[in-house]
C-alpha cells in the first residue's frame, strides 16, 4: 500500500500576506449546469477538471450515500471503491489518474485510481487520510495525520503544516509543484489560504472575507476556491478566481451559494452551487468556460505544462 512509506519532515519559509483587489464575475464566460443523470440523485458536485476537459466529482443518492464519477465527452462513469460505504473523486490529471477518498469499517482513506486499478493511500500514523489533488507527474496532496497536509512524491510522504496553524489541508497541486492549501489559526479558528512555492508560504485572503478556502491551481498558477463575505448582515459564500494578482468573484446566476473547486490549463472552472427554494435546498455542479473552448485544439501546452 502507498501508506507504508515514511514521513519526511520539511521546513518552510514564510512570506508576506498578499492584499489584492476583488472584481465581479467576468461576463464573457458561460455557466453550464451538470447533474448526474440517475434517478433519485439529490446532489452533484464537480471537483476537478484536466486539460482534456475530463471532470471528476461526487453525487449523493436518495439514501444519502456518496459515489464518485468521471465525466468524459458527455459520458458518466461511476466510481465506487470496492467495499466502501462512501466514495468521492476529488482530482484528475492529464493522464487520467484520479484521486479521492473513501470510507470503510476502518475509517477514511485516500485512493489513487490509475489504469483501472485502485490503490489505497494512508498517510503514516493516520486513521484519517483524504487525497485531494494530483499533478501530471503523479504527485499527490491531501490531508493526513494530526491535522496536517501532506505531499506524496516519488514514494515518500512529506508532512506540511502552516506555522501556527491548528489544521492544514493541501487542496491542489500544479505541474510545477505549486500547492494551494487551507489552514486554521489556533487563535481564531478562521480558515485562510496560502500558496506553497519552492518552500515559501504566501498567505492569500480575499479582501474583506471572513473565511477563504483555496481548492485548485493550474499550470499558469491561477487559483480557484470559495470565500464567505457579509451581505446585508448575513454571511454568503462565493467562488473566486485569482489570476495575475486579481480576484474575480464567481457566482452562478440565481444561486444562493457558489464554490469553485477546480481549474485546468485552459482556464475552464468547475464547482458546485446551491439553490434554496421554499425550504428545499439542492446542490448542482457547474462548468464555467468560454464558448466552444474544447473545439479548439491548437496552442495546447506541452506535457510539462499540463494540468
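Structure above, values below:
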{"item": "Candidate set from the range 247-279 (those that are part of a strand (DSSP E or B) and more than 20 Å from the chain's Cα centre (by Cα)); member that is surrounded by the most Cβ atoms within 10 Å (Cβ to Cβ)", "result": "275"}
{"item": "Top-ranked residue in the range 95-108 [being at pLDDT below 95 and touching a strand residue (DSSP E or B) at 6+ places or on another chain (Cβ under 7 Å); ranked as nearest to residue 177 (Cα to Cα)]", "result": "108"}
{"item": "Only listed residue being modelled with pLDDT of 85 or more, in a strand (DSSP E or B) and farther than 24 Å from residue 287 by Cβ, chosen from 196, 235", "result": "196"}
{"item": "Meets criteria (surrounded by fewer than 19 Cβ atoms within 10 Å (Cβ to Cβ), within 29 Å of residue 219 (Cα to Cα) and either at pLDDT 95 or above or touching a strand residue (DSSP E or B) at 6+ places or on another chain (Cβ under 9 Å) (or both)) for residue 53", "result": "yes"}
{"item": "Residue 31 vs. criteria surrounded by 15 or more Cβ atoms within 10 Å (Cβ to Cβ), part of a strand (DSSP E or B) and at pLDDT below 95", "result": "yes"}
{"item": "Conditions (1) over 24 Å from residue 58 (Cβ atoms); (2) surrounded by fewer than 20 Cβ atoms within 10 Å (Cβ to Cβ); (3) at pLDDT 85 or above; number of the one not met by residue 210", "result": "(3)"}
{"item": "Unique match (being under 20 Å from the mean Cα position of the chain (by Cα), crowded, with 24+ Cβ neighbours inside 10 Å and closer than 21 Å to residue 266 by Cβ) among 110, 100, 96, 133", "result": "133"}
{"item": "Every residue from the range 213-228 that is more than 17 Å from residue 91 (Cβ to Cβ) and surrounded by 24 or more Cβ atoms within 10 Å (Cβ to Cβ)", "result": "227"}
{"item": "The lone exception for residue 146 - which of (1) modelled with pLDDT of 95 or more; (2) more than 24 Å from residue 34 (Cα to Cα); (3) surrounded by fewer than 20 Cβ atoms within 10 Å (Cβ to Cβ) it fails", "result": "(1)"}
{"item": "Of the criteria (1) within 22 Å of residue 227 (Cβ to Cβ); (2) surrounded by 15 or more Cβ atoms within 10 Å (Cβ to Cβ); (3) modelled with pLDDT under 95, which one residue 46 fails", "result": "(3)"}
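The values are calculated or read from the model by the stated rules, or taken from the named source; none is laboratory data. Just so you know, these numbers come straight off a predicted model, no measurement behind them. Neighbour counts are summed over all protein chains in view; Cβ atoms, including those assigned to glycine, are modelled from backbone coordinates with ideal geometry.
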